[in-house]
Amino acid sequence: MTFAPPPGLSAAQFDRGLKAFVSVVGPKRVLATDEDRHTYLDPYALGDGLAHQPAAAVAPASAEEVQAIVRLANEHRIPLWPTARGKNLGYGGAAPVMPGTVVLDLGRMNRILEVDPHFGYCLIEPGVGFYDLYNYLRDNKIPLWMSVPGNAWGSVMGNALERGLGYTPYGDNASKICGMEVVLPTGEKMRTGMGAMAGSKAWQSYQHGFGPSWDQFLVQSNFGVVTKMGLWLMPEPEMTMRTKIELPKADDIGWAIDELAMLRLHNVVEHNFVFGNYLHDAAVFSQRDEWYQGPGAIPDAVAEKIMAHYGIGWWSFNLSLFGQEEVVKAKEKLLRRAMEPHLGKPLEFETWQRGDPIEKSSAGRPSVVALQIVNWRGGRGGHIGFSPVMPPDGKLATKQFRAMKARFEEYGLDYYTSFTMGARHINNVNLILYNRDDADMVSRAKGLFTTMIADAKAAGYGEYRTHIDFMNPVAASFDYEGGVMNRLNETVKNAIDPNGVIAPGKNGIWPRAYKGASA
Amino acid sequence: MKRMMAMGAVLLVAGAGLAIATAGAAPVKPQPAAGAALFQARCGYCHLAGGTGTMMLERRLGKDDALLVKRTDLNAAYVKMVVRNGLNSMPALTRVEVPDDQLDRIAAYLASKKPADKAQ
């Protein structure tokens, strides 16, 4: 397998840079064999993924080693792509936007530095995974709950930095960040929020600090390497009640989104939830060939058979109530009042009270089973999501659903979607499932994704997060006043990272040094 | 619907098993030397009972060959090749996630299984 060194460097110059990295982390932690490069490719790439092939990886064990590497990266002009555990699956995994970038693998920095059981926060390093933190809380009988995403293989910090979601009241993970330690592109180490004061006793207590707040500046950006993160955790509630609701008809989306939006707006339902179509369950429990072997998207008649077989609706979603018993019982009444007249039958709840087995509760518990969906088509499976943000309006959701379903059918791909509901918005996650080795299917998936970017822009919706293949066009769709925000991002980037060493191209932010290096 | 509820129960069991497997993960100490423990910690996310890898293998190879710890046909070189290259929907794992010395022990453990292990 051939590879390219970073743009502008000869093989000999690159080799000198790698030797410098060895002086910091030792020879075993500079990974530069063909096999190493292969392991850092996007495992769900649309095709072979070689357009984003890194030139090597380097794995520090401490913030001080990160500082040393960043300084050497400046000296040797080697761009770095920080990754926490490399499980940003569906968005590129650990792979960089620009080929030839060196992956800065932070997986060895995996300490849980502090958990405060009383005030409900943790301070963690990038390599701490959801399972690690979950087990730590359980083993130490700490009554704090995590918010866990659908794929829990990855890093707690990495998920928050990409604005990943969980499904408890703390599920907007980026909003629970409280204080970070970051290595700046110059190699200096900074702490955000109250941590900017040496000796601060309130780093994880207050999110904003004094003057401008830099925490959100480090989210989905390439302005630094986060080496520690404070994150608020949810105190264990006294009680939870949960119910799964199935909606039989596709057109139920209209009334349901309108009712659910009000339940979210008024905090009756306090958590994000996936309002997903039947394929969410079908793609976990079966493969496509079991239902349909023909060309094009799965016909509606086959979809009906799948739903009948599993006893599921066109749409389904899980709602939970959290809190003191009196609060939960009061909210149960409000939920019943909103939903039951539409459903024509009573909601069925599972109730958990403190002391019951945790499995009965609505606590976030890590699982990787959701990844089963990539096996829907068989072969080397993958998925990629196009997820525009839209208002939680039933009419708009119905229109979007019909338009996107038609687009999937136009490209001959099965329509897997959710209208994931936040406090005041929907993330309309349109997931394309494909076999990476089917060139025609990959081509259609790329075509569909590109078309959906344009469709969303025309409708006034933009994506909340995207795959490394599409960071440029999605950034370009944020074009108010000729894209002034993107120009500001790049002005800041060039000011604080003049050599462009941290994650060039991340979210469409290109430093001057590599502008035009990769499309 | 019954099938889905049964599947849910399986997943809960799998989750519980993994919690035990990676207990005491933080602050992270040097991993135990035994291949079995390393397998649980590094591969257990997907390859215990009810895990997503086990589900995929069951579809491809049948129930008897779905659980890796019950397999008697794995050799160490093959295990290492799959881990570093991935297979079908399984991503490749880096030398940071599973260092070479740990992979050697995991591969030796999986290659050591005899027919008697399968019956357990």
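Annotations
- Mean per-residue shielding of peptide B:82-92 is 6, counting Cβ atoms of other chains within 10 Å of each Cβ.
- Dimensionless Rg over Rh [region A:150-267; C-alpha; Kirkwood]: 1.09
- Looking at region A:45-141 alone, DSSP beta bridges between its own residues are antiparallel in about 35 percent of cases.
- When accessible surface is computed with a 1.4 Å probe, chains A and B are found to bury approximately 3700 Å² between them, both chains counted.
- Taken residue by residue and averaged, Cβ atoms of other chains lying within 10 Å of the Cβ of A:106-113 number 3.
- Cα centre as origin, Lys/Arg/Asp/Glu Cβ charges: the protein assembly as shown dipole, Debye: 560
- DSSP finds beta bridges in the protein assembly as shown, and of those with both partners inside it, around 90 percent are antiparallel.
- Lys/Arg +1, Asp/Glu -1 at C-beta; chain A dipole; positive extreme among A:30, A:353, A:381: A:30
- Per residue, the accessible area of region A:304-355 comes to 55 Å², computed with a 1.4 Å probe over protein heavy atoms only.
- Number of partner chain Cβ atoms within 10 Å, mean per residue of B:41-54: 3
- Relative to the dominant Cα principal axis of chain A, helix A:11-25 is inclined by about 80°.
- Rounded percent of accessible protein surface that carbon and sulfur make up, chain A, 1.4 Å probe: 54
- Net charge over other residues, Cβ less than 15 angstrom from the Cβ of residue A:264 (K, R count +1; D, E count -1): -3
- Computed with a 1.4 Å probe over protein heavy atoms only, the accessible surface of region A:47-150 comes to 29 Å² per residue.
- Whole-number accessible area per residue in Å² for region B:42-120, which is evaluated in the context of all protein chains at 1.4 Å: 46
- For the protein assembly as shown: rounded, prolate or oblate by the Cα gyration tensor [a/c cutoff 1.5]: rounded
The values are calculated or read from the model by the stated rules, or taken from the named source; none is laboratory data. Computed from a prediction, not measured in an experiment: that's the story for all the values here. Virtual Cβ from ideal backbone geometry, glycine too; neighbours counted across all protein chains shown. These area figures cover heavy atoms from the full protein model, side chains too; ligands, DNA and RNA do not enter into them. Shrake-Rupley method; radii C 1.70, N 1.55, O 1.52, S 1.80 Å.
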